[in-house]
Amino acid sequence: MNLVFPPHSVATLPIAGSEQRFPVRRIFCVGRNYAEHAREMGAIDQAEGREPPFFFSKPGDAVVSGEGEIGVAYPPLTANLHHEVELVVALGAGGANVTVDAANALIFGYAVGLDLTRRDMQAKAKEKAHPWDMSKGFDQSAVAGAICPVAVSGHPAGGRIWLKVNGQARQEGDLSAMLWKVAEIIANLSTLVRLEAGDLIYTGTPAGVGPLVRGDGLEGGVDGVGTLHARIV
Ligand code: MN
């Protein structure tokens with residue numbers, strides 16, 4: 001093919017216990033998937049059952065990973081960069097209109113991730129009913145640890161999800177508190193877009209989100225999946 005310049009290389013994630021890497025295609029994120037976090041964000045609590053899930057996305061190359069401590073650049077044009085620790089689902093196969101029962105078969109593995117957010121910019125966007133893209137999808141906004149293959153992790157339905165900043169507990173929750181479960185998220189999202197191998201899904205954050213500054217060291221984990229270490233530089 002006669003391209004005017006070489007195509008960009010695809011972002012990849014390490015796979016725990018393997019020399020192989022996971023090529024990233026797209027990054028989808030679920031908003032307000034833990035009631036306690038929805039409450040802390042001032043969103044109305046669902047007294048009469050769940051609201052349908054809603055999604056936003058980040059560019060595939062917004063992902064940042066690495067072996068050991070992951071360096072993350074503090075982004076420009078914010079004075080309130082927030083951490084959101086999340087369970088990340090990595091798809092090894094795709095499909096459209098996937099049923100809840102068939103959804104787990106698409107999953108290659110799970111990782112611990114951070115959905116970094118320019119909270120001040122997001123608040124302005126909400127006020128004006130503007131899109132969230134620049135508050136959510138900036139460079140290095142999707143931090144991800146190594147992927148734990150399903151053969152090792154199984155499909156965790158419960159377990160602690162937590163984040164410490166400089167050794168202090170910041171976020172703490174349990175996967176069982178997710179309003180929309182992983183298989184339901186995949187089924188719902190696959191009605192909106194055809195999912196493909198390489199897609200990542202950030203499944204929402206528990207309560208305790210808060211600001212980060214340059215120099216902060218982050219340690220996060222999900223029981224049975226792994227841990228993530230990052231530093232804001
Ligand atoms: Mn999030």
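Within the accessible area of the chain, what % is carbon and sulfur when the probe is 1.4 Å and the other protein chains stay in place? Percent of accessible area from carbon and sulfur atoms in the chain: 55.
Taking Cα centre as origin and charging only the Cβ of basic (Lys, Arg, +1) and acidic (Asp, Glu, -1) residues, the dipole magnitude of the range 14-232 rounds to 400 debye. Computed with a 1.4 Å probe on the full set of protein chains, the accessible area for residue 229 sits at about 80 Å². Relative contact order, whole percent, for the range 121-186 stands at 19, derived from Cα pairs under 8 Å and 6 or more residues apart. With a ≥ b ≥ c the root eigenvalues of the C-alpha gyration tensor of the chain, is it rounded (a/c under 1.5), prolate (a/b larger than b/c) or oblate? Taking the square roots of the gyration eigenvalues as a ≥ b ≥ c, the chain is rounded. If you sort 134, 1, 41 by accessible surface, 1.4 Å probe, largest first, the order is 1, 134, 41. Ranking 136, 128 by solvent-accessible area of protein heavy atoms (1.4 Å probe, all protein chains present), from largest to smallest, gives 128, 136.
Dipole orientation for the range 14-232: of the candidates 142, 81, 226, 81 has the Cα lying most toward the positive pole (charges on Cβ; Lys, Arg +1; Asp, Glu -1). Taking the Cα centre of the range 1-123 as origin and assigning +1 to Lys and Arg Cβ atoms and -1 to Asp and Glu Cβ atoms, the resulting dipole is close to 380 debye. The solvent-accessible area of residue 170, taken with every protein chain present and a 1.4 Å probe, is close to 90 Å².
Dipole of the chain computed with +1 at Lys/Arg Cβ and -1 at Asp/Glu Cβ about the Cα centre; of 154, 30, 108, farthest Cα towards the positive end is 30.
What is the range 128-233 by shape, rounded, prolate or oblate, if you read a ≥ b ≥ c off the alpha carbon gyration tensor as root eigenvalues and call it rounded for a/c under 1.5, prolate for a/b larger than b/c, and oblate otherwise? Oblate, since a/c reaches 1.5 and b/c is not below a/b. Over the range 14-232, Cα pairs under 8 Å with separation of 6+ residues give a relative contact order of 33 percent. Less than 5 angstrom separates the built amide H of residue 159 from those of 175, 176, all sequence-distant by 5 or more or on a different chain. Checking every one of the GluC sites (Glu not before Pro) in the range 152-214 against DSSP loop status and a limit of 15 other Cβ atoms within 10 Å picks out 196.
The values are calculated or read from the model by the stated rules, or taken from the named source; none is laboratory data. Predicted, not measured: the structure shown is a model, and the values here were computed from it. Cβ: placed from backbone, ideal geometry, glycine included. Neighbour counts: every protein chain shown. Remember, those area values only see protein heavy atoms, side chains included, never the ligands or the DNA or RNA. Shrake-Rupley method; radii C 1.70, N 1.55, O 1.52, S 1.80 Å.
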